[in-house]
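In what follows, a structure is listed as structure tokens, so that the remarks can point back to it.
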Amino acid sequence: KGFNALQLSDQAITLLKKGHKQSTEILLLQKKVNRVLDRILNAANVKDISVSAHVISTGTPGAWVLPENKIVVSCEMVILCSSEDELAVILSHELAHIKMGFVI
């Protein structure tokens, strides 16, 4: 039958979490990502879409967008960022994919 967009996103996130050990540090990183994403959304005046971010250990640094405007950023990527400004660049890039409709 297949998945709808929301089911596809949720399934991808679940599989990523199962495929890699998730550290206790992720909760702190998630709070940081949420704070930076909120700052970006407010600055960009993006109120017409709902965006969420998910910090998941994937084993390698990376970030991408899933259907239903879900940004996935690896905890390895967040850790590499030496400042919230660097993290903001990554999240802004992913938000641009959402705004342009370039979602996998």
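The values are calculated or read from the model by the stated rules, or taken from the named source; none is laboratory data. If you're wondering where the values come from, they're calculated on a predicted model, not measured in any experiment. Glycine gets a Cβ as well: all are built from the backbone with ideal geometry, and neighbour counts include every protein chain shown. SASA here: full protein model, heavy atoms, side chains in, ligands and nucleic acids out. Shrake-Rupley method; radii C 1.70, N 1.55, O 1.52, S 1.80 Å.
For the chain, take the convex hull of the Cα atoms, compute a quarter of its surface area, and give me that in nm², please.
The orientation-averaged projected area of the Cα hull of the chain comes to 6.7 nm².
Per residue of segment 50-62, what does 6.51 cos²θ - 1.76 cosθ + 1.60 with θ = phi - 60° give for ³J(HN,Hα)? Whole Hz please, x for Gly and Pro, Karplus curve as stated.
After applying 6.51 cos²θ - 1.76 cosθ + 1.60, I find 9, 10, 10, 10, 9, 8, 9, 6, 10, x, 9, x, x Hz.
Carbon and sulfur atoms: what percent of the 1.4 Å accessible area of the chain do they account for?
On the chain, the fraction of accessible area on carbon and sulfur atoms equals 58 percent.
Between SER52 and LEU28, what is the label-point separation in nm under the 7 Å Cα-to-beta-carbon projection?
Placing both labels 7 Å along Cα→Cβ, they lie 2.5 nm apart.
Taking only protein heavy atoms and a 1.4 Å probe, what accessible area per residue, in Å², does segment 29-104 have with all protein chains in place?
Here the residues of segment 29-104 average 51 Å² of exposed surface.
Given +1 on the Cβ of Lys and Arg, -1 on the Cβ of Asp and Glu, and no further charges, what dipole in debye does the chain carry about its Cα centre, rounded to the nearest 20?
Using Cβ point charges on Lys, Arg, Asp and Glu, the chain gives about 300 debye.
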